[in-house]
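A short worksheet on the structure shown next.
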Ligand SMILES: C[S@@+](CC[C@H](N)C(=O)[O-])C[C@H]1O[C@@H](n2cnc3c(N)ncnc32)[C@H](O)[C@@H]1O
């Protein structure tokens with residue numbers, strides 16, 4: 001897990017502009033990359049002592065050559081032995097006034113880590129693990145500013161730790177910067193702070209998820225199952241009953257209906273019926289199917305994006321499930337889904 005999507009300068013400056021704390025004599029980034037976060041902070045506090053660690057030798061050597069007066073170490077931040085051997089950690093037992101972080105995200109739905117925090121054991125995402133481990137190195141009045149994947153704010157995986165950060169560490173969401181900020185990678189991100197009197201932009205409880213960077217639109221199938229006519233010249237028909245075990249299974253009908261065709265990559269979910277995370281499936285790139293009116297398709301630009309959206313929906317299944325309403329067969333509307341996912345209707 002290296003993740004070398006370095007923070008672009010404009011994004012780094014935007015994060016630094018949120019910092020309220022004034023007296024800062026030391027700054028550290030435990031995943032320093034090419035040092036952009038610290039460079040941005042130095043514009044505000046030019047005489048501050050700067051520290052950085054990274055798992056990558058190449059990254060550390062590069063920053064050393066750019067900034068010979070910064071203290072830098074090669075260190076695996078998730079490895080206690082590596083931390084114990086870092087001179088930066090050994091020589092700065094009182095911690096740092098400002099911790100800056102853009103940790104590896106390891107993409108949505110990815111790895112689960114064990115975290116010991118405040119004497120309790122938790123599970124967390126990769127980014128949350130980096131955040132929680134960083135807290136140990138705050139000075140008495142130190143604060144932390146980080147770029148995090150938006151999923152840490154709503155996923156079940158990180159919920160327990162998130163709630164502790166809100167109650168005990170003044171966690172604030174400062175901004176949700178929309179757009180594609182990282183080369184070849186489009187995670188949805190948030191800026192957060194801990195232990196500063198920052199002005200939160202919004203609530204720390206996100207009820208919506210945002211897959212804005214991954215998906216362009218939502219498509220509803222138009223073929224009613226009552227009117228289906230099998231036609232060998234048509235395309236395979238997908239009905240909600242064909243969505244099983246996260247696979248498209250048991251297709252038996254071909255239908256001609258151009259208006260109801262969907263070309264992959266896309267993520268399918270049932271529109272009506274008994275919703276269930278096993279019914280979330282992917283249409284691969286360039287495959288074309290006809291959808292019944294009981295199926296919705298979330299179009300994506302790439303197969304990788306489709307996989308990210310699928311993981312995101314599964315990870316947030318409890319909230320997704322709440323979107324299916326109705327007294328008889330429960331159903332979801334394009335409006336409710338678009339609003340929840342933060343994407344446009346088509
Ligand atoms: C997303 S980049 C961010 C770099 C930099 N903080 C920035 O904002 O541009 C993540 C960095 O984390 C480093 N990294 C990955 N795993 C690490 C680990 N276990 N310990 C320390 N650094 C790690 C990578 O080498 C990479 O430089």
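None of the figures in this text is laboratory data; all of them are computed from the coordinates on show. None of the values given here were measured: they were computed from a predicted structure. Glycine also receives a Cβ, built like all others from the backbone with ideal geometry; neighbour counts cover every protein chain displayed.
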- Between 293, 97, 57, which gets the highest mean-square fluctuation from a Gaussian network model of the chain, Cα cutoff 10 Å? 57
- Message: Rounded, prolate or oblate, given the Cα gyration tensor of the range 215-341, with a/c below 1.5 counting as rounded?
- Response: oblate
- Query: Hey, what angle do you get for helix 126-135 against the long axis of the chain, alpha-carbon based, 0 to 90 degrees rounded to 10?
  - Reply: 30 degrees
- Note on the structure: A correct fewest-to-most ranking of 20, 220, 93, 271 by other Cβ atoms within 10 Å would be 93, 20, 220, 271
- Message: Suppose only helical runs count, i.e. DSSP H with n ≥ 4. What mean residue ellipticity at 222 nm does that imply for the chain under -39500 (n - 2.57) per run, divided by all residues and rounded to the nearest 500 deg cm²/dmol?
- Response: -7000 deg cm²/dmol
- Query: Who wins for biggest fluctuation among 310, 22, 287 in a Gaussian network model of the chain, springs between alpha carbons below 10 Å?
  - Reply: 22
- Task: For the range 215-341, calculate the relative contact order in percent as a whole number, restricting contacts to Cα pairs under 8 Å that are 6 or more residues apart.
- Result: 31 percent
- Does anyone have the angle between helix 57-66 and the longest principal axis of the chain? Alpha-carbon axes, 0 to 90°, nearest 10? 60 degrees
- Task: Taking only Cα atoms and a 10 Å spring cutoff, compute GNM fluctuations for the chain and point out the largest among 146, 308, 329.
- Result: 329
- Query: Quick one: helix 156-168 against the long Cα principal axis of the chain, what's the angle to the nearest 10°, folded into 0 to 90?
  - Reply: 40 degrees
- Relative contact order of the range 1-105, pairs being alpha-carbon contacts under 8 Å that are 6 or more residues apart, as %: 31 percent
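Could you please rank 241, 53, placing first whichever residue has the fewest other Cβ atoms within 10 Å of its Cβ?
Details: 241 15, 53 23.
Ascending number of Cβ neighbours within 10 Å: 241, 53.
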- Over the chain, calculate the relative contact order: mean separation of alpha carbon pairs under 8 Å at least 6 apart, over the residue count, as a percent. 14 percent
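DSSP beta bridges in the chain, what fraction antiparallel, as a percent rounded to 5?
Numbers: 37 of 57 bridges.
If we restrict to bridges inside the chain, about 65 percent are antiparallel.
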